[in-house]
Amino acid sequence: MAKVNPFEMAQQQLLDCAKILKLDQSVVNVLMQPQRQIQVSIPVKMDDGTTKVFQGFRVQYNNALGPYKGGIRFHPEETIDTVRALSAWMTWKCSVLGLPLGGGKGGVICNPKEMSEGELERLSRGYIRALWKNIGPDTDVPAPDVYTNGQIMAWMMDEYSTIQGKNQFGLLTGKPLVVGGSLGRNDSTARGGMFTLREAAKELKLNLKGAKFAILGFGNAGTYAATLAEEMFGGKVVAVTDSKGGIYDEKGLDIKKVSEHKAKTKSVVGYNKLKKLTNEEVLALPVDVIVAAAPDEGAINEKVAKTIKAKVICELANGPTTPEGDKVLYKNGVHVIPDFLCNAGGVTVSYYEMVQNMYMHYWTIDEVYKKLDEAMTKSYHAVYDASKEYKINMRQAAYVVAVKRVVEAMKVRGWV
């Protein structure tokens, strides 16, 4: 399968929305490209005494609604086009949730699995030294993403604080609790997605008790989603995948034991001697809900979409479905909860972390979950109502809601 260019996909989705909203070409021209793209070279002294130079990026897409917001990825196959696409999706994600934030994204081409803790720390601090003039609590607020975590955020925050000569906990979100992190951040992406699934099930009159779930991508978000599918709904997870392949048991998988197997072997494959399946085979299984949580942009293309039997797809990952795949799913009556709505729980709790950092008062986990539930529920229904009003699919509706808000901000600011 030819690799999909994620930024071209993001641009096509925006053009589709522009037609629905009948936007002026001048407005479209502004929205189609990032406001700023920064590429840096980061020299890092490795443990063996050599110096290796890593390439890093930060793309700041649009800040009409507020400071840029978006994660930093450490990945061996990172590309500028992936970062561009993710920064665009972050713009729409913050907007669709009604957050006073714009969209940005960062990345470094590296393989953290092959680096020591010391090397990772030096790389993290080097990234901030290269970019510190372009980021800040009221300018651009990064967060963890693929292969980055709270510890990496703590090193980055400390480096920035050192440069500024004062504590700057608000530089990033997703930090450890002891240095200004927020309760509820770890499972916020999956939990937010499950809140939208709950609302979708009400609209579709789908009983989630005993419903069969397939989880594509058994990483952080996917593992939490599997657990929450059982805890919140009494659902049954029958299939999970990771980068090595997938497994399926129609009677249901023991998620705790699958997690233990993966921790030991680095993959879900081989658990209980179950037959190994491809992602495409898992997507075609007779399930009720697919949770697409694997970082594999464009995996649900036109061909794959035709095989899907699920009633609902929750896109916890960014960009899993191509525009052609969307058309097939919509025609076949599959209800897609689109990525930048479904997975917006993470950035929403990140925003709560920013607020807590600003006034140095921290909420209980129940307060965080309650606010997240209210935000995700309200946003889901805004998108669902738009899909009905315009007679369009849920992704197009999410774009309509999000782009309208950004365009309104751009107009009142006199940009267009």
Fill in the blank from the handout: When (1) crowded, with 22+ Cβ neighbours inside 10 Å; (2) in contact with a Leu (Cβ under 7 Å, 6 or more places away or on another chain); (3) not assigned by TED's automatic domain parsing to the domain that holds Tyr147 are applied to Arg58, the one that fails is (3)
Exercise for the section: Kindly indicate whether Ala214 is outside the structural domain of Val96 (by TED's automatic domain parsing), out of contact with any strand residue (DSSP E or B) (no Cβ under 8 Å at 6 or more places or on another chain) and closer than 21 Å to Glu297 by Cα. Expected result: no
Handout entry: Single match in Gly181, Gly222, Gly193 (criterion: closer than 20 Å to Ala143 by Cβ, out of contact with any helix residue (DSSP H, G or I) (no Cβ under 6 Å at 6 or more places or on another chain) and assigned to a helix (DSSP H, G or I))
Key = Gly222
Exercise for the section: Would you point out which residue out of Ala85, Ala64 is of a type in the set (A, V, I, L, M, F, W, C), buried (at least 24 other Cβ atoms within 10 Å of the Cβ) and within 25 Å of Ser188 (Cβ to Cβ)? Expected result: Ala85
Handout entry: Unmet criterion (only one of (1) crowded, with 23+ Cβ neighbours inside 10 Å; (2) in contact with a Pro (Cβ under 6 Å, 6 or more places away or on another chain)) for Leu316
Key = (2)
Practice task
Being crowded, with 19+ Cβ neighbours inside 10 Å and of a type in the set (Gly, Ala, Ser) narrows it down to one of Ala263, Ala284, Ala292, so name that one.
Solution key: Ala292
Exercise for the section: Kindly list the number of the only condition in (1) touching a strand residue (DSSP E or B) at 6+ places or on another chain (Cβ under 8 Å); (2) under 28 Å from Tyr351 (Cα atoms); (3) crowded, with 16+ Cβ neighbours inside 10 Å that fails for Gln37. Expected result: (3)
Practice task
Filter the range 76-115 down to residues that are of a type in the set (Ser, Thr, Tyr) and either in a helix (DSSP H, G or I) or within 22 Å of Val400 (Cα to Cα) (or both) and give me whichever is modelled with the lowest pLDDT.
Solution key: Thr82
Handout entry: Residues (within 13 Å of Arg395 (Cα to Cα), among the aliphatic types (A, V, I, L, M) and buried (at least 24 other Cβ atoms within 10 Å of the Cβ)) located in the range 330-372
Key = Val336, Ile337, Leu341
Exercise for the section: Return yes or no: is Glu8 over 27 Å from Leu372 (Cβ atoms), of a type in the set (D, E, K, R), out of contact with any Pro (no Cβ under 6 Å at 6 or more places or on another chain) and surrounded by 17 or more Cβ atoms within 10 Å (Cβ to Cβ)? Expected result: no
Problem - Count of residues meeting criterion [touching a Lys or Arg at 6+ places or on another chain (Cβ under 8 Å) and not hydrophobic (A, V, I, L, M, F, W, C)] in the range 279-331 - result: 6
Practice task
Considering only the range 266-280, state which residues are over 18 Å from Gly252 (Cβ atoms), in contact with a strand residue (DSSP E or B) (Cβ under 8 Å, 6 or more places away or on another chain) and outside any loop (DSSP other than H, G, I, E, B).
Solution key: Asn279
Practice task
Inspect all residues belonging to the range 16-23 and state whether any of them is of a type in the set (Gly, Ala, Ser) and farther than 27 Å from Asp326 by Cα.
Solution key: no
Handout entry: the range 70-99, subset free of Cβ contacts under 8 Å to residues at least 60 places away in the same chain and touching a Gly at 6+ places or on another chain (Cβ under 7 Å), residue farthest from Val349 (Cα to Cα)
Key = Glu78
Practice task
Can you work out which of the residues in the range 154-178 that are part of a helix (DSSP H, G or I) and over 23 Å from the mean Cα position of the chain (by Cα) is surrounded by the most Cβ atoms within 10 Å (Cβ to Cβ)?
Solution key: Tyr160
Exercise for the section: Could you check, for the range 234-254, whether at least one of its residues is among the hydrophobic types (A, V, I, L, M, F, W, C), surrounded by fewer than 21 Cβ atoms within 10 Å (Cβ to Cβ) and within 24 Å of Asn343 (Cα to Cα)? Expected result: no
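The values are calculated or read from the model by the stated rules, or taken from the named source; none is laboratory data. The model shown is predicted, which means the values in this text are computed figures rather than measured ones. Backbone-built Cβ (ideal geometry, glycine too); neighbour counts: all protein chains shown.
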